[in-house]
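A short worksheet on the structure shown next.
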Amino acid sequence: MSMRIGYGYDVHQLAEGEDLVIGGLTVPHEKGSVGHSDADVLLHVICDALLGALALGDIGTHFPDTDPTYKGIDSKILLRDTWKLVQAEGYALANLDSTVCLQRPKLKPHIPAMRECIAGILGVDISRIGIKATTTEKLGFVGLEQGISAHAVVLLEAQA
Ligand code: MG
């Protein structure tokens, strides 16, 4: 069986007056992530990992932040469209795993709903979707609450 691995990494600034959108959900917080789209760092790294697995470039290639079409766009649409590209190449998801790095707020209560959202977009069982969260012990831009980052890896299996 042909398998492909992919990896994604992304960072967004945090600022007051923005929504904190992570994994397709808006997490209540006094700061939110800044970006051209809805700045959903988790969905962005999953898109990049999926694209990377098949050497299809990155999220910026497919959805450029210079294109007004993508201004404020819901990143669930970006993930859906990315997933279509993967399926068109004849691949299915074995599993994905991810880590969101954020000092505050605690994400644990929101993770089940994020997993369900992503599993729904990809049309897979929730057991294939891993999401973890960590602080950075108050160190660096994450620890100083200046930004949010995330990492994701995916494993794809060729169909037939
Ligand atoms: Mg991004």
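The numbers here are math on the coordinates, done by the rules we state, and not lab data. As the structure is a computational prediction, the values presented were derived from the model and not from experiment. Positions of Cβ are generated from backbone atoms using ideal geometry, with glycine treated the same way; all protein chains shown enter the neighbour counts.
Restricting to the range 1-55, and then to whatever is part of a strand (DSSP E or B) and without any contact (Cβ under 8 Å) to a residue 24 or more places away in the chain, can you tell me which residue is surrounded by the fewest Cβ atoms within 10 Å (Cβ to Cβ)? Show your work before the answer.
Taking the range 1-55 as the starting set, the residues that turn out to be part of a strand (DSSP E or B) are 3-16, 21-22, 25-26, 31-33.
From what's left, without any contact (Cβ under 8 Å) to a residue 24 or more places away in the chain: 15-16, 26, 32.
Numbers: Ala15: 13, Glu16: 8, Thr26: 13, Gly32: 22.
Step by step, filter the range 1-55, then rank; the result is Glu16.
Go through the residues of the range 82-97 one by one and say whether even a single one is touching a helix residue (DSSP H, G or I) at 6+ places or on another chain (Cβ under 7 Å) and within 16 Å of the ligand (Cβ to nearest atom).
So far as the range 82-97 goes, yes, one or more of its residues are touching a helix residue (DSSP H, G or I) at 6+ places or on another chain (Cβ under 7 Å) and within 16 Å of the ligand (Cβ to nearest atom).
Restricting the search to the range 56-66, which residues are within 9 Å of the ligand (Cβ to nearest atom) and either closer than 22 Å to Ala119 by Cα or in contact (Cβ under 8 Å) with a residue 60 or more places away in the chain (or both)? Spell out the reasoning first.
Taking the range 56-66 as the starting set, the residues that turn out to be within 9 Å of the ligand (Cβ to nearest atom) are 59-60, 65.
Residue satisfying the conditions is Ile59 alone.
Condition first: without any contact (Cβ under 8 Å) to a residue 40 or more places away in the chain, at negative phi, among the hydroxyl-bearing types (Ser, Thr, Tyr) and not in a helix (DSSP H, G or I). Can you find one or more residues in the range 69-84 that meet it?
No, the range 69-84 has no match at all.
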